[in-house]
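The values are calculated or read from the model by the stated rules, or taken from the named source; none is laboratory data. Please read these numbers as outputs of a predicted model, since none were measured by experiment. Don't worry about glycine lacking a Cβ; one is built from the backbone with ideal geometry, like all the others, and counts go over all protein chains shown.
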Amino acid sequence: MSALRSVFGAVHLGYIVIETERLADWHRFGVDAIGMHHDALDSGLMRFRLDEQECRFLVRRGPAEDVVATGWHVDGHAAFEEIEARVRAHGVPVLMGTAEEAALRGVERLSRFPGPKGITQEIYTTPVKSAEPLRMLASGFVTGDAGMGHVAITSTRPARLHGYFNTVFDARLTDWIDETISGAKLRIRFLRVNERHHSVAVAAVRGLPVDPVRTRVQHLNIQAAGLDDLARSYQRVRELGFDMALSIGQHTNDKELSYYARTPSGFEWEVGWNPVVVDETTWEPSTHQGISIWGHTPAGRTIVDKLAQFRLGARSLVRSENTVPALSGAGVADG
């Protein structure tokens with residue numbers, strides 16, 4: 001194993017792999033509603049771009065209707081090899097991606113290993129930049145050193161997920177939110193791997209080992225470059241008939257203005273604007289009450305939806321959640 005050194009700040013959320021049978025709906029959602037650049041690869045593959053990087057979302061045909069992999073851009077070969085060495089040292093296999101897999105993701109060097117909830121974690125060193133000009137309804141999205149956004153996951157073992165991302169990426173706790181939704185008390189922990197307030201959020205029902213979300217991710221987030229981009233995409237989502245999960249509002253912890261749309265695969269997609277940037281010299285974790293200062297009103301929720309969510313939670317009681325114990329600290333108590 002290589003000499004231990006922190007990789008915090010050298011890791012950035014780089015791309016997401018989504019598997020779906022609803023490719024036409026995803027094309028309409030990504031291009032016409034959210035406003036991203038689209039590249040068709042073949043009848044079962046397409047990509048969305050947010051910036052000059054060749055791929056930010058790889059959407060492929062398949063039955064999951066979910067996120068199946070997250071790709072992390074790692075600065076330099078030394079940090080890349082440090083992460084590989086950590087994973088292997090814990091007895092977890094690391095597989096090299098093929099040249100074809102790397103090309104589909106728009107990267108030059110690719111490795112993968114198991115991640116929590118069955119979401120494969122992929123790391124890469126050098127993204128390929130496209131020479132093709134962006135064709136987007138949006139003026140732009142914020143990526144760069146902060147990465148392209150964040151992923152939010154529900155879990156029955158939140159401390160283990162925290163342990164996983166700390167072991168692999170030296171993730172730091174930014175803060176917590178306590179929230180009550182439909183009578184269930186939630187605690188959400190927010191983890192950062194660079195200056196972005198969080199790249200991973202982990203939500204858990206306090207006191208009950210239930211997971212009320214069918215999909216592996218609860219939502220994805222991308223950051224709009226301007227307030228006008230946020231407002232116009234919100235209007236397009238509504239006009240095109242896509243479900244709105246939460247109306248425009250502002251979060252308590254990162255102060256991001258955002259809305260949540262429901263994707264064709266069922267998980268949610270948050271478009272946000274202007275979150276705070278963490279100053280490592282002064283930041284201290286704290287707990288916030290409620291996810292929103294204002295807004296984020298649930299849209300279109302019926303009693304049937306709520307009953308379905310309770311049924312999913314009940315099923316999770318008899319389903320074992322994969323936290324990759326070797327990397328997450330299987331002895332860690334959850335709470």
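Just for the range 260-300: of the residues that are among the hydroxyl-bearing types (Ser, Thr, Tyr) and over 23 Å from Ala146 (Cβ atoms), which one is nearest to the chain's Cα centre (by Cα)? Reasoning before the result, please.
Pass one, the range 260-300, residues among the hydroxyl-bearing types (Ser, Thr, Tyr): 260, 263, 265, 281-282, 286-287, 292, 297.
Subset that is over 23 Å from Ala146 (Cβ atoms): 265, 287, 297.
Numbers: Ser265: 15, Thr287: 21, Thr297: 21 Å.
Ranking the qualifying residues of the range 260-300, first place goes to Ser265.
Run down Val217, Val193, Val237, Val213 and say which single residue is farther than 30 Å from Ile83 by Cβ and outside the structural domain of Ser111 (by TED's automatic domain parsing).
The conditions single out Val237.
Would you say Arg47 is closer than 28 Å to Ser265 by Cβ, surrounded by 22 or more Cβ atoms within 10 Å (Cβ to Cβ) and charged (D, E, K, R)?
Yes: the conditions hold for Arg47.
Starting from the range 172-193, keep only residues that are under 11 Å from Asn253 (Cα atoms), then list their pairs with residues that are among the β-branched types (Val, Ile, Thr) and not in a strand (DSSP E or B) whose Cβ atoms are within a distance under 7 Å, requiring at least 6 positions of separation or different chains.
Thr174/Val278; Ile177/Thr252; Ile177/Ile291
Would you please list the contacts, defined by Cβ atoms under 6 Å and residues six or more apart or on different chains, that run from a residue in the range 259-275 that is closer than 23 Å to Ala64 by Cβ and in contact (Cβ under 8 Å) with a residue 40 or more places away in the chain to a residue that is assigned to a loop (DSSP other than H, G, I, E, B) and polar (S, T, N, Q)?
Partner pairs satisfying both residue conditions: Gly266/Thr215; Phe267/Thr215; Trp269/Thr263.
Identify, please: which residue in the range 7-55 is closer than 21 Å to Asp243 by Cα and β-branched (Val, Ile, Thr) and is, among those, farthest from the chain's Cα centre (by Cα)? Give the steps one after another, and end with the answer.
So the first thing to find is which residues in the range 7-55 are closer than 21 Å to Asp243 by Cα, and the list is 18-36, 48.
From what's left, β-branched (Val, Ile, Thr): 18, 20, 31, 34.
On the way: Ile18: 11, Thr20: 17, Val31: 19, Ile34: 16 Å.
Here the residue is Val31.
Please identify the pairs in which a residue from the range 196-213 that is more than 20 Å from Gly163 (Cβ to Cβ) has its Cβ atom under 7 Å from the Cβ atom of a residue that is polar (S, T, N, Q) and modelled with pLDDT under 75, counting only partners at least 6 apart or on another chain.
Listed by first residue and then by second, the contacts come to Val210/Ser316; Pro212/Gln309.
For the structure I just gave you, tell me whether Glu239 is touching a helix residue (DSSP H, G or I) at 6+ places or on another chain (Cβ under 9 Å) and free of Cβ contacts under 8 Å to residues at least 40 places away in the same chain.
yes
Among Ala171, Ala152, Ala99, Ala131, which is more than 21 Å from His197 (Cβ to Cβ) and not assigned by TED's automatic domain parsing to the domain that holds Ile16? Break it down stepwise before answering.
Working: Ala171 fails: more than 21 Å from His197 (Cβ to Cβ); Ala152 fails: more than 21 Å from His197 (Cβ to Cβ); Ala99 fails: not assigned by TED's automatic domain parsing to the domain that holds Ile16.
Result of the check over Ala171, Ala152, Ala99, Ala131: Ala131.
Identify, please: which residue in the range 152-175 is in contact with a strand residue (DSSP E or B) (Cβ under 6 Å, 6 or more places away or on another chain) and of a type in the set (A, V, I, L, M) and is, among those, surrounded by the fewest Cβ atoms within 10 Å (Cβ to Cβ)?
Ala152
Which ranges mark the strands (runs of 3 or more DSSP E) fully within the range 174-276 that have 1 or more residues being out of contact with any His (no Cβ under 9 Å at 6 or more places or on another chain) and charged (D, E, K, R)?
Ranges flagged: 184-192, 257-262.
So how many residues does the range 30-74 have that are of a type in the set (S, T, N, Q), touching a strand residue (DSSP E or B) at 6+ places or on another chain (Cβ under 7 Å) and over 14 Å from Val128 (Cα atoms)?
1
I'm checking my understanding of the structure. Among residues of the range 100-120 that are part of a helix (DSSP H, G or I) and touching a residue at least 40 places away in the same chain (Cβ under 8 Å), which one is surrounded by the fewest Cβ atoms within 10 Å (Cβ to Cβ)?
Restricting attention to the range 100-120, the residues satisfying the condition of being part of a helix (DSSP H, G or I) are 100-105, 116-118.
Still in the running and touching a residue at least 40 places away in the same chain (Cβ under 8 Å): 104-105, 116-118.
Numbers: Leu104: 20, Arg105: 25, Pro116: 23, Lys117: 20, Gly118: 15.
Of everything passing the filter in the range 100-120, Gly118 is surrounded by the fewest Cβ atoms within 10 Å (Cβ to Cβ).
Restricting attention to the range 204-218, does a residue exist that is modelled with pLDDT of 95 or more, out of contact with any Asp or Glu (no Cβ under 7 Å at 6 or more places or on another chain), surrounded by fewer than 23 Cβ atoms within 10 Å (Cβ to Cβ) and farther than 15 Å from Val67 by Cβ?
Looking for residues that are modelled with pLDDT of 95 or more, out of contact with any Asp or Glu (no Cβ under 7 Å at 6 or more places or on another chain), surrounded by fewer than 23 Cβ atoms within 10 Å (Cβ to Cβ) and farther than 15 Å from Val67 by Cβ, one finds none in the range 204-218, hence no.
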